[in-house]
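The values are calculated or read from the model by the stated rules, or taken from the named source; none is laboratory data. Given the structure is predicted, the values throughout are model-derived calculations rather than measurements. Methodologically, a virtual Cβ is constructed for each residue, glycine included, from the backbone with ideal geometry; neighbour enumeration extends over all protein chains shown. To get the accessible areas, we keep the full protein, side chains included, count just its heavy atoms, and leave off ligands, DNA and RNA. Shrake-Rupley method; radii C 1.70, N 1.55, O 1.52, S 1.80 Å.
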Amino acid sequence: MCLVCFVGKKKRAFNDQPFAYHQEIELEISTLTNLGSGLGRVPLTGSQLSTLGSQLTAQPVAGWVVMVPFTLPGERVRARVFRNHKNFSEADLVSVLTPSPHRVMPGCPLFGRCGGCQYQHLAYAEQLAWKRRQVAELLQHLGGVEFAVSPVIPSPREYGYRSKITPHFAAPKAARTIAAGSTPAAQESSVPAAVSTPDGPGEARASSAAVPDWPIGFLRQGTRFDIIDVPRCPIATDAINTRLAEVRAELRTQRDRYTRGATLLLRDAGGRVTTDYDAVVTEEIGVVGLDDAGAEKPGLTSPAPSNRAGAPLRLHFLARDFFQNNPFILPAFTSYVREQAAASGARFLVDAYCGSGLFALASASAFERVAGVEISESSVRFARENAAANGITNASFLAADAAAIFAGLAFPAAESVVVIDPPRKGCDREFLQQLFAFGPRAVVYVSCDPATQMRDLRDFLAAGYELIAVQPFDLFPQTRHLECVITLRRARG
Ligand SMILES: C[S@@+](CC[C@H](N)C(=O)[O-])C[C@H]1O[C@@H](n2cnc3c(N)ncnc32)[C@H](O)[C@@H]1O
């Protein structure tokens, strides 16, 4: 049998093997994927196996893989299949039959419908444990090494930490009155019915009636174009949420002026929120690495970075440019990078992909000289200004592709450490070739995508570097994202 279902705006034949469209199945969730979805296996019957026939690349010995977002390891769930792939199926959660002891009430009424968060239903300590495990698995599968991963350093704030959000809206004319769960995309993957409690429908279903006809918010879970209205985002700072309410009200009064969709920026720097992409904002990396009793927080072995005069770093940058989005963890994060770099015994530091100078300036007091490279000219302009404004005189910055830093670099390789913090796609080949040709004594590789980081790790190992430390940081609580810092030392060559 072949149904036709909607995928985005195109009609596509539904592959009904091994499950029919919207067939309900029961399964036990065994693990979480890197995308934050629960994964379980369902034994197939002999006739299902023979119908699948040549489609199978391998016999699903342990059972057919089914991904069910918003479920947790150890849970038994009922799920509704909405897509079959070659080797796995995707299904929506219908109900949790046996809940995990780690299931908690999500902090956001839109959890499960908004595509932004994946883990609000999982106790924070367990989020950290799973993220650590995922780094270990990526190390093994993509990096090709078994190595002890340190416990994930938590964010001081589990909610209210994000200092930047970018909500979207479509052209008002294109927007139409929709009922949650009734759009084509939502038909394809309907809203999970029970993301909060095992037997309760949760807010997601309860609030399905009132949907504004001009949503301003984030992408709906499981879609690429459908925007869900988000009046408040609990992972963003309070200041952002206050401003968000004002911005949304202003937009709605001027609705007729918009002929196209757009993406808004709300950037909180020290409690002041701007929506102007070209505004100059300031972030202070305060000395907040101590808990209320004055003890150091786990993971911090020295005070947060400061300039040579001992004052906290104050960094300026353009609101549109890159800056880390969780300022509360930055003292621990930048201290760790500086300590790892300094522990190599190097006298010189290169900060590749340096943005407005975060790691170079936070580490400058531990080195004779630091040099940064960054492709964004405005970020480099601010990195230079930030050095001067913080009284840092041993830092220089180059506006160029990262690979360009090595030509003419006056630092001796044997006395140098390179900090790398590339975009999600990881390091460019050209950059790695130049880096290996230079051959610094150590590398501290910071990444917001451990998958590309572990892919690059193979090249480091092949080039004669050995892995010294793997330290994840949770910059993004309630989401599947994490930051990982790996330290490498030159072993030979
Ligand atoms: C993840 S951010 C890190 C920025 C900085 N380390 C920080 O933490 O604030 C990556 C940076 O790499 C820059 N970038 C992207 N491609 C680059 C390239 N080919 N060469 C140099 N910088 C690049 C981006 O502009 C961005 O500022």
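The figures follow:
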quantity: Net charge of neighbours whose Cβ lies under 11 Å from the Cβ of residue 488, counting Lys and Arg as +1 and Asp and Glu as -1; calculated: 0
quantity: Karplus-derived HN-Hα couplings along the stretch 92-109 (A = 6.51, B = -1.76, C = 1.60, θ = phi - 60°), whole Hz, x at Gly and Pro; calculated: 8, 5, 9, 7, 8, 7, 10, x, 6, x, 9, 6, 10, 6, x, x, 10, x
quantity: The stretch 125-161: GluC sites (Glu not before Pro) in DSSP coil with no more than 13 other Cβ atoms inside 10 Å; calculated: 146
quantity: Per-residue ³J(HN,Hα) for the stretch 342-354, Karplus 6.51 cos²θ - 1.76 cosθ + 1.60, θ = phi - 60°, Hz, x for Gly and Pro; calculated: 5, 5, 6, x, 5, 9, 10, 10, 10, 10, 8, 6, 8
quantity: The stretch 64-173 - percent of accessible surface contributed by carbon and sulfur, probe 1.4 Å; calculated: 55
quantity: Over 31 Å between alpha carbons, listed pairs 86/173; 173/425; 86/131; 131/173; calculated: 86/173; 173/425; 131/173
quantity: Mean accessible surface per residue for the stretch 361-434, computed with a 1.4 Å probe while every protein chain stays in place, in Å²; calculated: 41
quantity: Student exercise, the stretch 82-134 dipole from Lys, Arg, Asp, Glu Cβ charges, in Debye to nearest 20; calculated: 180
quantity: Accessible-area value, residue 83, 1.4 Å probe, nucleic acids and ligands omitted, Å²; calculated: 60
quantity: Residue 122 long-range amide H proximity, modeled H, under 5 Å; calculated: 104
quantity: Karplus-derived 3J(HN,Hα), 6.51/-1.76/1.60, for each residue of the stretch 120-134, Hz, glycine and proline x; calculated: 4, 8, 10, 3, 4, 4, 6, 4, 5, 5, 5, 5, 4, 5, 5
quantity: Solvent-accessible surface ranking, highest first, for 316, 22 at 1.4 angstrom; calculated: 22, 316
